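Notes for the one structure printed next.
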Amino acid sequence: MRRAPFSKIAIVLLTLTVLAPAVALASNPVPSFTVAWTVAEDPGTGFEGSPTYCDLDGDGLDEAIVAVGSGAAPFPADPAYVEAIDALTGTRLWRSAQGDAGFAAPLCRDVDHDGVLDVLTAGRFGDVRALSGIDGTVIWSLNGLNPGEIDADANTYSPVSAPERPGLVFVSTGGGVELEDGPRNPGAVLALDLDGHVLARWDEPNQAEIYSTPAVKALGHYGRDILLVVGSGGETLPGSLHFLLYSTYFKTFFPYAEVPSACANGGFVASPVLGDITGDRFGIPEVVAAEMCGTVAAYNLFGHELWRQPTAWPYVIANPTLSDLNQDGVFDVAVASIAVNPSLPATFPLIDASLETFDGATGASIWTAPLKLPPFATPAAADIDGDGIEDLWIATQNFFLPSELTVYSGADGSELVAYGTVSWAGSPVLGDANGDGSIDALVMDAPPVFAPPFPPVSTILLDLPGIPFDPHASWSGFRGPNSDGFRR
(Lines give C-alpha, C1' and ligand atoms only; values in the text may rest on other atoms or scores of the structure.)
Protein backbone atom coordinates (compact mmCIF):
# COMPACT_ATOMS: atom_id res chain seq x y z
CA MET A 1 0.00 0.00 0.00
CA ARG A 2 1.16 3.53 -0.59
CA ARG A 3 2.55 5.17 2.49
CA ALA A 4 3.52 8.78 3.04
CA PRO A 5 5.53 10.54 5.73
CA PHE A 6 3.39 12.08 8.42
CA SER A 7 3.37 15.80 9.00
CA LYS A 8 4.88 17.39 12.08
CA ILE A 9 1.34 18.15 13.24
CA ALA A 10 0.45 14.47 13.16
CA ILE A 11 3.58 13.55 15.09
CA VAL A 12 2.86 16.18 17.75
CA LEU A 13 -0.74 15.01 18.11
CA LEU A 14 0.32 11.41 18.52
CA THR A 15 3.09 12.30 20.95
CA LEU A 16 0.84 14.46 23.14
CA THR A 17 -2.02 11.95 23.27
CA VAL A 18 -2.52 10.42 26.71
CA LEU A 19 -4.63 7.56 27.93
CA ALA A 20 -8.25 8.53 28.43
CA PRO A 21 -10.33 6.87 31.13
CA ALA A 22 -13.13 4.49 30.35
CA VAL A 23 -16.34 6.39 29.68
CA ALA A 24 -19.88 5.06 30.00
CA LEU A 25 -22.93 7.11 29.09
CA ALA A 26 -24.57 8.30 32.28
CA SER A 27 -28.03 7.40 31.06
CA ASN A 28 -27.13 3.78 30.39
CA PRO A 29 -26.78 1.11 33.11
CA VAL A 30 -23.91 -0.62 31.30
CA PRO A 31 -20.80 -0.34 33.51
CA SER A 32 -17.51 1.12 32.37
CA PHE A 33 -14.60 -0.96 31.16
CA THR A 34 -11.94 -1.79 33.70
CA VAL A 35 -8.37 -2.69 32.78
CA ALA A 36 -7.60 -6.25 33.91
CA TRP A 37 -3.98 -6.10 32.74
CA THR A 38 -1.62 -4.44 30.30
CA VAL A 39 1.42 -5.99 28.62
CA ALA A 40 3.89 -3.48 27.19
CA GLU A 41 5.51 -4.45 23.91
CA ASP A 42 9.03 -3.70 22.70
CA PRO A 43 9.97 -0.20 21.52
CA GLY A 44 9.90 0.13 17.75
CA THR A 45 7.11 -2.39 17.27
CA GLY A 46 3.47 -1.94 16.32
CA PHE A 47 0.33 -3.88 15.46
CA GLU A 48 -1.17 -4.53 12.07
CA GLY A 49 -3.31 -7.59 12.72
CA SER A 50 -5.75 -9.11 15.18
CA PRO A 51 -5.08 -11.27 18.24
CA THR A 52 -6.82 -14.53 19.02
CA TYR A 53 -7.64 -16.74 22.01
CA CYS A 54 -6.37 -20.33 22.30
CA ASP A 55 -6.29 -22.71 25.27
CA LEU A 56 -2.69 -23.83 24.82
CA ASP A 57 -2.31 -25.68 28.12
CA GLY A 58 -5.75 -27.33 28.20
CA ASP A 59 -6.79 -25.87 31.56
CA GLY A 60 -10.09 -24.50 30.25
CA LEU A 61 -8.89 -20.89 30.26
CA ASP A 62 -7.62 -19.13 27.19
CA GLU A 63 -4.24 -17.72 26.38
CA ALA A 64 -3.97 -14.59 24.28
CA ILE A 65 -1.97 -15.10 21.07
CA VAL A 66 -0.69 -11.78 19.78
CA ALA A 67 1.29 -11.03 16.62
CA VAL A 68 3.41 -7.94 17.21
CA GLY A 69 4.43 -6.36 13.93
CA SER A 70 7.19 -4.18 12.67
CA GLY A 71 7.05 -0.56 13.69
CA ALA A 72 8.77 1.13 10.77
CA ALA A 73 8.32 1.42 7.02
CA PRO A 74 9.20 -0.36 4.83
CA PHE A 75 8.20 -2.98 7.40
CA PRO A 76 11.43 -4.90 8.03
CA ALA A 77 10.80 -8.25 9.67
CA ASP A 78 13.39 -7.95 12.45
CA PRO A 79 11.30 -6.31 15.22
CA ALA A 80 8.28 -8.58 14.75
CA TYR A 81 7.38 -11.48 17.05
CA VAL A 82 4.49 -13.64 18.25
CA GLU A 83 3.76 -14.10 21.92
CA ALA A 84 1.44 -16.05 24.20
CA ILE A 85 0.02 -14.27 27.25
CA ASP A 86 -1.78 -15.88 30.19
CA ALA A 87 -5.19 -14.20 29.96
CA LEU A 88 -5.88 -14.63 33.69
CA THR A 89 -2.81 -12.79 34.92
CA GLY A 90 -1.33 -10.98 31.91
CA THR A 91 1.91 -12.92 32.31
CA ARG A 92 3.89 -13.42 29.10
CA LEU A 93 4.34 -17.19 28.66
CA TRP A 94 6.64 -17.16 25.63
CA ARG A 95 7.81 -15.02 22.78
CA SER A 96 8.93 -16.25 19.38
CA ALA A 97 12.14 -15.26 17.68
CA GLN A 98 12.07 -11.96 15.82
CA GLY A 99 10.67 -11.99 12.32
CA ASP A 100 7.78 -14.41 12.95
CA ALA A 101 4.85 -11.97 12.93
CA GLY A 102 2.84 -9.90 10.51
CA PHE A 103 -0.55 -8.28 10.16
CA ALA A 104 -2.62 -11.46 10.01
CA ALA A 105 -4.57 -13.17 12.80
CA PRO A 106 -2.97 -16.37 14.16
CA LEU A 107 -4.66 -19.78 13.98
CA CYS A 108 -4.20 -22.54 16.57
CA ARG A 109 -3.91 -26.20 15.59
CA ASP A 110 -1.91 -29.12 17.03
CA VAL A 111 0.75 -29.17 14.33
CA ASP A 112 3.26 -31.58 15.89
CA HIS A 113 0.63 -33.95 17.35
CA ASP A 114 1.84 -33.63 20.94
CA GLY A 115 -1.58 -32.79 22.38
CA VAL A 116 -0.77 -29.08 22.71
CA LEU A 117 -2.19 -26.47 20.34
CA ASP A 118 0.44 -24.72 18.24
CA VAL A 119 0.26 -21.37 16.46
CA LEU A 120 0.15 -20.78 12.70
CA THR A 121 1.14 -17.25 11.76
CA ALA A 122 1.44 -15.30 8.53
CA GLY A 123 2.06 -11.72 7.50
CA ARG A 124 4.35 -9.42 5.55
CA PHE A 125 7.30 -11.80 5.44
CA GLY A 126 6.18 -13.95 2.49
CA ASP A 127 5.83 -17.11 4.54
CA VAL A 128 3.63 -19.16 6.87
CA ARG A 129 5.19 -20.51 10.05
CA ALA A 130 4.10 -23.03 12.65
CA LEU A 131 5.23 -22.12 16.16
CA SER A 132 5.27 -24.47 19.14
CA GLY A 133 2.48 -23.74 21.62
CA ILE A 134 4.89 -24.73 24.38
CA ASP A 135 7.74 -22.28 23.76
CA GLY A 136 7.17 -20.48 20.44
CA THR A 137 9.99 -22.15 18.53
CA VAL A 138 9.52 -22.70 14.79
CA ILE A 139 8.22 -26.19 13.95
CA TRP A 140 8.16 -25.56 10.21
CA SER A 141 8.25 -22.77 7.67
CA LEU A 142 6.19 -23.01 4.48
CA ASN A 143 8.96 -21.64 2.29
CA GLY A 144 11.49 -23.77 4.12
CA LEU A 145 9.57 -26.88 3.09
CA ASN A 146 8.41 -25.51 -0.27
CA PRO A 147 11.09 -23.06 -1.49
CA GLY A 148 9.73 -20.20 -3.58
CA GLU A 149 6.08 -21.14 -3.05
CA ILE A 150 5.35 -17.60 -1.81
CA ASP A 151 7.27 -14.57 -3.06
CA ALA A 152 9.40 -13.01 -0.35
CA ASP A 153 7.78 -9.60 -0.83
CA ALA A 154 4.20 -10.93 -0.90
CA ASN A 155 1.78 -10.78 2.01
CA THR A 156 0.24 -13.88 3.49
CA TYR A 157 -3.07 -13.52 5.31
CA SER A 158 -4.81 -15.12 8.25
CA PRO A 159 -4.71 -18.93 8.05
CA VAL A 160 -8.22 -20.39 8.21
CA SER A 161 -9.59 -23.87 8.74
CA ALA A 162 -13.03 -25.49 8.87
CA PRO A 163 -13.49 -26.97 12.37
CA GLU A 164 -14.87 -30.17 10.80
CA ARG A 165 -11.53 -30.66 8.99
CA PRO A 166 -8.89 -29.38 11.47
CA GLY A 167 -6.08 -31.07 9.57
CA LEU A 168 -6.56 -28.75 6.58
CA VAL A 169 -5.43 -25.12 6.55
CA PHE A 170 -6.05 -22.55 3.84
CA VAL A 171 -4.06 -19.38 3.36
CA SER A 172 -4.31 -16.62 0.77
CA THR A 173 -1.34 -14.62 -0.49
CA GLY A 174 -0.58 -11.75 -2.83
CA GLY A 175 -0.14 -8.00 -2.93
CA GLY A 176 2.44 -6.41 -0.71
CA VAL A 177 4.84 -4.62 -3.06
CA GLU A 178 5.37 -1.29 -1.36
CA LEU A 179 5.71 0.85 -4.47
CA GLU A 180 3.80 4.06 -5.12
CA ASP A 181 2.20 2.86 -8.32
CA GLY A 182 3.89 -0.45 -9.00
CA PRO A 183 2.28 -3.81 -9.68
CA ARG A 184 1.32 -6.06 -6.80
CA ASN A 185 2.03 -9.77 -6.48
CA PRO A 186 -0.83 -11.77 -8.05
CA GLY A 187 -3.11 -13.50 -5.57
CA ALA A 188 -3.29 -17.21 -4.78
CA VAL A 189 -4.90 -19.59 -2.27
CA LEU A 190 -3.01 -22.58 -0.88
CA ALA A 191 -4.27 -25.71 0.86
CA LEU A 192 -1.82 -27.01 3.47
CA ASP A 193 -1.67 -30.00 5.77
CA LEU A 194 -0.49 -29.62 9.35
CA ASP A 195 2.99 -30.77 8.36
CA GLY A 196 3.37 -27.66 6.18
CA HIS A 197 3.08 -29.40 2.81
CA VAL A 198 1.24 -27.67 -0.03
CA LEU A 199 -1.61 -29.94 -1.12
CA ALA A 200 -3.04 -27.66 -3.80
CA ARG A 201 -2.76 -24.13 -5.15
CA TRP A 202 -5.26 -21.89 -6.93
CA ASP A 203 -3.99 -18.77 -8.72
CA GLU A 204 -6.18 -15.71 -9.26
CA PRO A 205 -7.02 -16.03 -12.98
CA ASN A 206 -6.81 -12.30 -13.74
CA GLN A 207 -3.49 -11.77 -11.97
CA ALA A 208 -5.24 -9.50 -9.46
CA GLU A 209 -3.73 -9.08 -6.03
CA ILE A 210 -5.43 -10.56 -2.94
CA TYR A 211 -5.75 -8.74 0.37
CA SER A 212 -8.62 -10.75 1.87
CA THR A 213 -8.88 -14.00 3.79
CA PRO A 214 -11.19 -16.79 2.54
CA ALA A 215 -14.38 -17.72 4.33
CA VAL A 216 -14.59 -21.52 4.47
CA LYS A 217 -17.27 -24.12 5.15
CA ALA A 218 -17.05 -27.91 5.18
CA LEU A 219 -19.77 -29.57 3.10
CA GLY A 220 -21.45 -32.93 3.66
CA HIS A 221 -21.49 -35.17 6.71
CA TYR A 222 -17.78 -35.88 6.56
CA GLY A 223 -16.61 -32.49 5.30
CA ARG A 224 -15.12 -34.13 2.24
CA ASP A 225 -15.42 -30.92 0.21
CA ILE A 226 -14.64 -27.43 1.42
CA LEU A 227 -16.34 -24.31 0.11
CA LEU A 228 -14.10 -21.24 -0.06
CA VAL A 229 -15.08 -17.67 -0.96
CA VAL A 230 -12.29 -15.12 -1.39
CA GLY A 231 -12.08 -11.63 -2.84
CA SER A 232 -9.33 -10.19 -5.02
CA GLY A 233 -8.27 -6.72 -6.11
CA GLY A 234 -7.91 -3.78 -3.82
CA GLU A 235 -5.25 -1.36 -4.99
CA THR A 236 -4.33 -1.68 -8.64
CA LEU A 237 -6.99 -3.98 -10.16
CA PRO A 238 -10.75 -4.23 -9.60
CA GLY A 239 -10.65 -7.96 -8.85
CA SER A 240 -13.52 -10.37 -8.24
CA LEU A 241 -15.29 -12.45 -5.64
CA HIS A 242 -14.26 -16.05 -6.29
CA PHE A 243 -16.18 -19.21 -5.32
CA LEU A 244 -13.99 -22.32 -5.01
CA LEU A 245 -14.56 -25.93 -4.06
CA TYR A 246 -11.65 -27.84 -2.57
CA SER A 247 -11.88 -31.62 -2.93
CA THR A 248 -10.11 -33.52 -0.16
CA TYR A 249 -10.24 -36.62 -2.37
CA PHE A 250 -8.61 -35.11 -5.45
CA LYS A 251 -6.60 -32.51 -3.47
CA THR A 252 -7.57 -29.90 -6.04
CA PHE A 253 -9.38 -26.56 -6.16
CA PHE A 254 -12.36 -26.36 -8.50
CA PRO A 255 -13.38 -22.74 -9.19
CA TYR A 256 -17.05 -22.63 -10.13
CA ALA A 257 -18.20 -18.98 -9.94
CA GLU A 258 -16.69 -15.51 -10.24
CA VAL A 259 -18.38 -12.19 -9.53
CA PRO A 260 -16.41 -9.26 -11.01
CA SER A 261 -16.09 -6.22 -8.78
CA ALA A 262 -18.11 -3.14 -9.66
CA CYS A 263 -15.19 -0.97 -8.56
CA ALA A 264 -13.24 0.82 -11.27
CA ASN A 265 -10.13 0.09 -9.21
CA GLY A 266 -9.91 -1.56 -5.84
CA GLY A 267 -12.06 -4.65 -5.41
CA PHE A 268 -12.53 -6.82 -2.31
CA VAL A 269 -10.10 -5.84 0.45
CA ALA A 270 -12.59 -6.78 3.16
CA SER A 271 -12.96 -10.52 3.64
CA PRO A 272 -16.34 -12.13 2.88
CA VAL A 273 -18.44 -13.86 5.54
CA LEU A 274 -20.84 -16.81 5.37
CA GLY A 275 -24.14 -17.21 7.21
CA ASP A 276 -27.86 -17.81 6.79
CA ILE A 277 -29.41 -14.41 6.02
CA THR A 278 -32.53 -15.63 4.19
CA GLY A 279 -33.93 -18.11 6.69
CA ASP A 280 -34.55 -20.92 4.22
CA ARG A 281 -35.70 -24.13 5.86
CA PHE A 282 -32.44 -25.93 5.08
CA GLY A 283 -30.22 -23.31 6.75
CA ILE A 284 -28.08 -22.93 3.63
CA PRO A 285 -25.67 -20.04 4.13
CA GLU A 286 -25.26 -17.04 1.90
CA VAL A 287 -22.21 -14.89 1.23
CA VAL A 288 -21.91 -11.25 2.27
CA ALA A 289 -19.07 -9.22 0.80
CA ALA A 290 -18.15 -5.53 0.80
CA GLU A 291 -16.26 -3.82 -1.99
CA MET A 292 -13.59 -1.24 -1.33
CA CYS A 293 -15.43 1.35 -3.43
CA GLY A 294 -18.35 1.49 -1.00
CA THR A 295 -20.92 -1.23 -1.60
CA VAL A 296 -22.08 -4.28 0.33
CA ALA A 297 -23.90 -7.16 -1.35
CA ALA A 298 -25.29 -10.62 -0.62
CA TYR A 299 -24.96 -13.66 -2.88
CA ASN A 300 -26.14 -17.23 -2.85
CA LEU A 301 -23.60 -20.05 -3.03
CA PHE A 302 -23.80 -20.04 -6.84
CA GLY A 303 -22.63 -16.42 -6.96
CA HIS A 304 -26.04 -14.97 -7.86
CA GLU A 305 -26.58 -11.54 -6.35
CA LEU A 306 -29.48 -11.30 -3.88
CA TRP A 307 -29.21 -7.61 -3.06
CA ARG A 308 -26.72 -4.75 -3.19
CA GLN A 309 -26.55 -1.50 -1.23
CA PRO A 310 -24.26 1.53 -1.37
CA THR A 311 -22.58 2.54 1.86
CA ALA A 312 -22.53 6.03 3.34
CA TRP A 313 -18.83 6.60 2.67
CA PRO A 314 -16.73 5.61 -0.34
CA TYR A 315 -14.45 2.96 1.18
CA VAL A 316 -15.00 -0.31 3.05
CA ILE A 317 -11.92 -1.97 4.55
CA ALA A 318 -13.40 -3.86 7.53
CA ASN A 319 -15.16 -7.19 7.06
CA PRO A 320 -18.95 -7.25 7.36
CA THR A 321 -20.38 -8.79 10.53
CA LEU A 322 -23.53 -10.94 10.76
CA SER A 323 -25.92 -10.55 13.69
CA ASP A 324 -29.69 -10.86 14.18
CA LEU A 325 -30.45 -7.21 14.86
CA ASN A 326 -34.19 -7.11 14.12
CA GLN A 327 -34.98 -10.37 15.96
CA ASP A 328 -36.51 -12.17 12.99
CA GLY A 329 -34.46 -15.31 13.56
CA VAL A 330 -31.93 -14.85 10.75
CA PHE A 331 -28.73 -12.87 10.50
CA ASP A 332 -28.59 -9.27 9.41
CA VAL A 333 -25.54 -7.39 8.14
CA ALA A 334 -23.42 -4.72 9.83
CA VAL A 335 -20.70 -2.96 7.87
CA ALA A 336 -18.52 0.07 8.56
CA SER A 337 -17.75 2.51 5.75
CA ILE A 338 -15.10 5.21 5.92
CA ALA A 339 -13.80 8.23 4.02
CA VAL A 340 -10.19 7.10 4.39
CA ASN A 341 -8.39 5.07 1.74
CA PRO A 342 -5.28 3.45 3.28
CA SER A 343 -3.68 3.49 -0.18
CA LEU A 344 -4.13 7.23 -0.61
CA PRO A 345 -2.19 9.29 1.96
CA ALA A 346 -4.09 12.41 0.92
CA THR A 347 -7.20 10.97 2.60
CA PHE A 348 -5.51 10.23 5.96
CA PRO A 349 -6.81 13.36 7.73
CA LEU A 350 -10.42 12.39 6.92
CA ILE A 351 -12.37 10.96 9.86
CA ASP A 352 -15.89 10.48 8.44
CA ALA A 353 -17.25 6.98 9.09
CA SER A 354 -20.56 5.20 9.69
CA LEU A 355 -21.77 1.88 11.02
CA GLU A 356 -24.64 0.70 8.83
CA THR A 357 -26.96 -2.25 9.31
CA PHE A 358 -29.08 -4.00 6.69
CA ASP A 359 -31.82 -6.60 6.79
CA GLY A 360 -30.17 -9.86 5.77
CA ALA A 361 -33.02 -11.08 3.57
CA THR A 362 -33.84 -7.87 1.70
CA GLY A 363 -30.92 -5.50 2.15
CA ALA A 364 -33.25 -2.81 3.53
CA SER A 365 -31.63 -0.38 5.93
CA ILE A 366 -32.22 -1.04 9.64
CA TRP A 367 -30.26 1.84 11.15
CA THR A 368 -27.13 3.89 10.55
CA ALA A 369 -24.90 5.33 13.27
CA PRO A 370 -22.21 7.95 12.67
CA LEU A 371 -18.82 6.88 14.04
CA LYS A 372 -16.45 9.33 15.66
CA LEU A 373 -13.42 7.85 13.89
CA PRO A 374 -12.84 5.30 11.11
CA PRO A 375 -12.55 1.58 11.85
CA PHE A 376 -10.30 -0.63 9.73
CA ALA A 377 -11.00 -3.85 11.65
CA THR A 378 -14.00 -6.17 11.75
CA PRO A 379 -16.71 -5.33 14.32
CA ALA A 380 -17.34 -7.90 17.03
CA ALA A 381 -20.83 -8.62 18.41
CA ALA A 382 -22.04 -9.47 21.93
CA ASP A 383 -25.02 -8.33 24.00
CA ILE A 384 -24.07 -6.11 26.95
CA ASP A 385 -27.30 -4.21 27.71
CA GLY A 386 -29.47 -7.30 28.30
CA ASP A 387 -32.04 -6.67 25.57
CA GLY A 388 -31.30 -9.97 23.81
CA ILE A 389 -29.83 -8.23 20.74
CA GLU A 390 -26.12 -8.39 20.12
CA ASP A 391 -24.35 -5.07 20.41
CA LEU A 392 -21.56 -4.10 18.02
CA TRP A 393 -18.00 -3.50 19.20
CA ILE A 394 -15.91 -1.16 17.04
CA ALA A 395 -12.18 -0.51 17.40
CA THR A 396 -11.30 2.72 15.63
CA GLN A 397 -7.94 3.83 14.36
CA ASN A 398 -6.87 7.28 13.26
CA PHE A 399 -3.61 8.77 12.12
CA PHE A 400 -4.19 12.09 13.89
CA LEU A 401 -6.68 11.78 16.78
CA PRO A 402 -7.18 9.61 19.89
CA SER A 403 -9.30 6.55 19.17
CA GLU A 404 -11.72 4.33 21.07
CA LEU A 405 -13.12 0.88 21.54
CA THR A 406 -16.85 1.68 21.43
CA VAL A 407 -19.90 -0.54 21.84
CA TYR A 408 -23.03 0.48 19.94
CA SER A 409 -26.53 -0.83 20.66
CA GLY A 410 -27.55 -3.50 18.17
CA ALA A 411 -31.15 -2.30 18.51
CA ASP A 412 -30.71 1.31 17.43
CA GLY A 413 -27.01 2.18 17.07
CA SER A 414 -26.80 4.36 20.17
CA GLU A 415 -23.48 4.40 22.02
CA LEU A 416 -23.42 2.24 25.14
CA VAL A 417 -19.86 2.36 26.45
CA ALA A 418 -16.41 3.41 25.24
CA TYR A 419 -12.79 3.13 26.26
CA GLY A 420 -10.35 5.60 24.77
CA THR A 421 -6.61 5.61 24.22
CA VAL A 422 -4.11 6.43 21.48
CA SER A 423 -5.25 4.13 18.69
CA TRP A 424 -6.52 0.60 18.16
CA ALA A 425 -5.50 -2.11 15.75
CA GLY A 426 -7.22 -5.34 14.84
CA SER A 427 -10.60 -6.72 15.79
CA PRO A 428 -11.47 -6.91 19.48
CA VAL A 429 -11.55 -10.51 20.69
CA LEU A 430 -14.41 -11.16 23.09
CA GLY A 431 -14.69 -13.87 25.72
CA ASP A 432 -14.34 -14.70 29.38
CA ALA A 433 -10.63 -15.38 29.21
CA ASN A 434 -9.95 -14.74 32.90
CA GLY A 435 -12.77 -16.99 34.11
CA ASP A 436 -14.61 -14.41 36.23
CA GLY A 437 -17.92 -14.90 34.43
CA SER A 438 -17.91 -11.41 32.92
CA ILE A 439 -17.28 -10.53 29.30
CA ASP A 440 -13.84 -9.22 28.45
CA ALA A 441 -12.21 -7.79 25.35
CA LEU A 442 -8.66 -8.36 24.19
CA VAL A 443 -7.47 -5.23 22.39
CA MET A 444 -4.23 -3.76 21.08
CA ASP A 445 -3.20 -0.19 21.80
CA ALA A 446 -1.46 0.60 18.56
CA PRO A 447 -0.36 3.97 17.26
CA PRO A 448 0.15 3.86 13.49
CA VAL A 449 3.15 1.69 12.78
CA PHE A 450 4.53 4.09 10.22
CA ALA A 451 4.34 7.34 12.22
CA PRO A 452 7.67 8.10 13.94
CA PRO A 453 8.47 8.75 16.71
CA PHE A 454 6.95 5.45 17.74
CA PRO A 455 4.92 5.65 20.97
CA PRO A 456 4.89 2.49 23.10
CA VAL A 457 2.31 -0.13 22.20
CA SER A 458 0.50 -2.52 24.52
CA THR A 459 -1.78 -5.53 24.63
CA ILE A 460 -4.70 -4.84 26.98
CA LEU A 461 -7.46 -6.97 28.50
CA LEU A 462 -10.57 -4.92 29.29
CA ASP A 463 -13.30 -6.30 31.55
CA LEU A 464 -17.00 -5.42 31.83
CA PRO A 465 -17.83 -6.47 35.40
CA GLY A 466 -21.29 -7.94 35.85
CA ILE A 467 -21.94 -8.43 32.12
CA PRO A 468 -22.05 -12.21 31.49
CA PHE A 469 -20.41 -13.67 28.40
CA ASP A 470 -22.46 -16.09 26.31
CA PRO A 471 -20.10 -18.05 24.03
CA HIS A 472 -23.04 -19.21 21.93
CA ALA A 473 -24.29 -15.69 21.20
CA SER A 474 -21.30 -13.65 20.10
CA TRP A 475 -19.15 -13.01 17.08
CA SER A 476 -15.60 -12.45 18.16
CA GLY A 477 -12.36 -11.67 16.40
CA PHE A 478 -11.32 -11.24 12.79
CA ARG A 479 -12.75 -14.55 11.49
CA GLY A 480 -15.15 -15.37 14.30
CA PRO A 481 -14.67 -17.85 17.16
CA ASN A 482 -14.05 -20.78 14.78
CA SER A 483 -11.49 -18.92 12.64
CA ASP A 484 -13.41 -19.74 9.46
CA GLY A 485 -15.58 -16.70 8.68
CA PHE A 486 -18.76 -18.79 8.86
CA ARG A 487 -21.41 -17.71 11.37
CA ARG A 488 -23.43 -20.70 12.46
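The values are calculated or read from the model by the stated rules, or taken from the named source; none is laboratory data. Since the structure is predicted, the reported quantities are computational estimates derived from the model, not experimental observations. We place every Cβ from the backbone using ideal geometry, glycine too, and count neighbours over all the protein chains shown. Heavy atoms of the whole protein, side chains included, go into the accessibility calculation; ligands, DNA and RNA do not. Shrake-Rupley method; radii C 1.70, N 1.55, O 1.52, S 1.80 Å.
Quick one: in the stretch 150-161, of everything that is assigned to a loop (DSSP other than H, G, I, E, B) and touching a Ser or Thr at 6+ places or on another chain (Cβ under 9 Å), which residue is most open to solvent (accessible area, probe 1.4 Å)?
Within the stretch 150-161, the match that is most open to solvent (accessible area, probe 1.4 Å) is ASP151.
Every condition in (1) touching a residue at least 40 places away in the same chain (Cβ under 8 Å); (2) on the phi < 0 side of the Ramachandran plot is met by PRO186 except one, and the failing one is (1).
Which residue is surrounded by the most Cβ atoms within 10 Å (Cβ to Cβ), if the candidates are limited to the stretch 102-123 and must be among the charged types (D, E, K, R) and part of a strand (DSSP E or B)? Result: ASP118.
If the condition is being part of a loop (DSSP other than H, G, I, E, B), open to solvent by 10 Å² or more (accessible area, probe 1.4 Å) and among the β-branched types (Val, Ile, Thr), then the stretch 307-357 contributes THR311, ILE317, VAL330, ILE351. Contact map, the stretch 463-488: residues that are open to solvent by 20 Å² or more (accessible area, probe 1.4 Å) paired with residues that are of a type in the set (D, E, K, R) and part of a loop (DSSP other than H, G, I, E, B), Cβ distance under 7 Å, separation 6+ or inter-chain. Pairs shown: PHE469/ASP432; ALA473/ASP383; ALA473/GLU390.
Look at the stretch 413-437: where a residue is farther than 16 Å from LEU464 by Cβ and a partner is open to solvent by 20 Å² or more (accessible area, probe 1.4 Å) and of a type in the set (S, T, N, Q), sitting 6+ places away or on another chain with Cβ atoms under 7 Å, you get GLY413/THR368; VAL422/THR17; SER423/GLN397; TRP424/GLN397; ALA425/GLN397.
Quick one: would you say THR362 is open to solvent by 20 Å² or more (accessible area, probe 1.4 Å), at pLDDT 90 or above and of a type in the set (Ser, Thr, Tyr)?
yes
Is there a residue being among the basic types (Lys, Arg) and over 25 Å from VAL171 (Cβ atoms) anywhere in the stretch 248-256? There is no residue in the stretch 248-256 that is among the basic types (Lys, Arg) and over 25 Å from VAL171 (Cβ atoms).
For (1) at pLDDT 95 or above; (2) in a strand (DSSP E or B); (3) open to solvent by 60 Å² or more (accessible area, probe 1.4 Å), each residue gets a yes or a no:
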residue	(1), (2), (3)
SER50	no, no, no
ASP59	no, no, yes
GLY69	no, yes, no
PHE125	no, no, no
ARG129	no, yes, no
GLY133	yes, no, no
ASN143	no, no, no
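Within the stretch 398-421, which residues are closer than 15 Å to PHE376 by Cβ and of a type outside the set (Phe, Trp, Tyr)? Across the stretch 398-421, the qualifying residues are ASN398, LEU401, SER403, GLU404, LEU405, THR406.
Report yes if some residue within the stretch 207-225 is among the charged types (D, E, K, R), within 21 Å of PHE243 (Cα to Cα) and touching a Gly at 6+ places or on another chain (Cβ under 6 Å); otherwise report no. Within the stretch 207-225 (the criterion being among the charged types (D, E, K, R), within 21 Å of PHE243 (Cα to Cα) and touching a Gly at 6+ places or on another chain (Cβ under 6 Å)), the answer is yes, since at least one residue qualifies. Scan the stretch 194-205 and give yes if some residue there is open to solvent by less than 20 Å² (accessible area, probe 1.4 Å) and either closer than 19 Å to PHE478 by Cβ or without any contact (Cβ under 8 Å) to a residue 40 or more places away in the chain (or both), otherwise no. Looking through the stretch 194-205, at least one residue is open to solvent by less than 20 Å² (accessible area, probe 1.4 Å) and either closer than 19 Å to PHE478 by Cβ or without any contact (Cβ under 8 Å) to a residue 40 or more places away in the chain (or both). If I filter the stretch 198-221 down to residues being of a type in the set (Gly, Ala, Ser) and not in a strand (DSSP E or B), which single residue comes out as modelled with the lowest pLDDT? Only one residue tops the list, namely GLY220. Reported count of residues in the stretch 222-238, each being open to solvent by less than 50 Å² (accessible area, probe 1.4 Å), in a loop (DSSP other than H, G, I, E, B) and in contact (Cβ under 8 Å) with a residue 40 or more places away in the chain, is 5.
Being buried (at least 16 other Cβ atoms within 10 Å of the Cβ) and in contact with a Phe, Trp or Tyr (Cβ under 8 Å, 6 or more places away or on another chain) is the filter; apply it to the stretch 169-186 and report the residue that is farthest from GLY223 (Cα to Cα). For the stretch 169-186, the residue satisfying everything is GLY175.
Answer yes or no: is there a residue in the stretch 399-411 that is assigned to a strand (DSSP E or B), under 30 Å from TYR299 (Cα atoms), at pLDDT below 90 and under 22 Å from the mean Cα position of the chain (by Cα). Checking the stretch 399-411: not a single residue is assigned to a strand (DSSP E or B), under 30 Å from TYR299 (Cα atoms), at pLDDT below 90 and under 22 Å from the mean Cα position of the chain (by Cα). Go through the residues of the stretch 423-442 one by one and say whether even a single one is outside any strand (DSSP E or B), at pLDDT below 75, touching a strand residue (DSSP E or B) at 6+ places or on another chain (Cβ under 9 Å) and surrounded by 20 or more Cβ atoms within 10 Å (Cβ to Cβ). The answer is yes; a qualifying residue exists.
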